Amino acid sequence: MALRLGDLAPDFTANTTHGTIRFHAWQGDAWVILFSHPRDFTPVCTTELGAVAGLKGEFERRNTKVIGLSVDPLGAHRLWEGDIEDVTGHAVNFPMIADPDRTVAVLYDMIHPNAYDMATVRSVFIIGPDHRVKLLLAYPASTGRNFKEVLRALDSLQLTANYAVATPADWQDGDDVIVLGRLSDDAARARFPKGFIAKKPYLRMTPQPNR
Ligand code: BEZ
């Protein structure tokens, strides 16, 4: 069955370019971005993995571990890493799962046969420290992902987890945020020292609380 938001991210053991991992133990108490790419030695994937490697500091600042997956074998991943550094200038600095028998791909519903039956689509799972799925994306093989958007969504998820706020359309780090409806006005005043502006009773804006 397909994974849905709030589901427990399935645990698994897999061979990766950083050795064999048991997923939940590897995650520890960090956030995780698990993303699949359709095949090794393909153009869009090459640019994506370099882009993610270049964001290492951003992920570390957010207590977030990154792990990639493709259905190609470990030897291919290792050979391909050289090309990725060559093309993008970034050495791959996160583990890549080798999933030639598609165990993890099936577990995470990353194969969408009506879109691309050869391998996985471009899935992204953001998984919270509680091992629950917080966000899902599925892009076709031909569309490279915007990893700045993945970071933006991660920031939103972490704000919600830590401060009881939501983020509006097109929100960027530093913009005002929305007080969650479950907080009464009195509770919101106590929680947000800078106060809030009620544009509607159900739409209360407050400055980003971790700024
Ligand atoms: C690519 O990464 O360029 C790609 C991979 C699989 C199918 C089509 C494109």
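Quick one: check the C-alpha center-to-center distance for the stretch 87-108 versus the stretch 169-199, whole angstrom. Between the Cα centre of the stretch 87-108 and that of the stretch 169-199, the gap is 39 Å.
Listed highest first by mean packing, meaning other Cβ atoms within 10 Å per residue, what order do 85-95, 58-68, 43-53 come in?
Working: 85-95: 15.6, 58-68: 17.8, 43-53: 19.5.
Highest-to-lowest ranking by the protection proxy: 43-53, 58-68, 85-95.
The eigenvalues of the Cα gyration tensor, multiplied by 5 and square-rooted, give the stretch 21-86 an equivalent ellipsoid with semi-axes of 22, 15, 9 Å from largest to smallest.
Considering only 107, 161, 135, the residue lying farthest towards the positive end of the dipole of the stretch 42-161 is 161, judged by Cα position with unit charges set on Cβ.
Heavy atoms only, 1.4 Å probe, whole protein assembly: order 96, 205 by accessible area, highest first. It would help to have the intermediate numbers written out before the result.
Working: 96 0, 205 30 Å².
From most exposed to least exposed: 205, 96.
For the chain, averaging the sequence separation of C-alpha pairs within contact (under 8 Å, six or more residues apart) and dividing by the residue count gives a relative contact order of 21 percent. Annotation: per residue accessible area for the chain equals 50 Å², rounded to a whole number [probe 1.4 Å, protein chains only]. The order of 13, 167 by accessible area, most exposed first and with a 1.4 Å probe, is 13, 167. Residue 186 sits with roughly 110 Å² accessible to a 1.4 Å probe, with DNA, RNA and ligands left out of the calculation. Under the convention that each Lys and Arg Cβ holds +1 and each Asp and Glu Cβ holds -1, the size of the dipole of the chain around its Cα centre is about 940 debye. Report the percentage of all Cα-Cα pairs in the chain whose separation exceeds 23 Å, rounded to a whole percent. For the chain, the share of Cα pairs beyond 23 Å comes to 50 percent.
So what is the 222 nm mean residue ellipticity for the chain from helices alone, if each DSSP H run of at least 4 adds -39500 (n - 2.57) and you divide by all residues, rounding to the nearest 500 deg cm²/dmol?
Per the formula, -9000 deg cm²/dmol.
Converting phi to 3J(HN,Hα) with the Karplus coefficients 6.51, -1.76 and 1.60 and the offset θ = phi - 60°, the stretch 17-32 yields 5, 10, x, 6, 10, 9, 4, 5, 5, 4, 5, x, 9, 8, 7, 10 Hz in sequence order, with x at every glycine or proline.
The values are calculated or read from the model by the stated rules, or taken from the named source; none is laboratory data. The structure displayed is predicted, hence computed values, not measured ones. Reconstructed Cβ throughout: ideal geometry from the backbone, glycine too, with neighbour counts over all protein chains shown. Please note that ligands, DNA and RNA were not included when accessible areas were found on the heavy atoms of the full protein model with its side chains. Shrake-Rupley method; radii C 1.70, N 1.55, O 1.52, S 1.80 Å.
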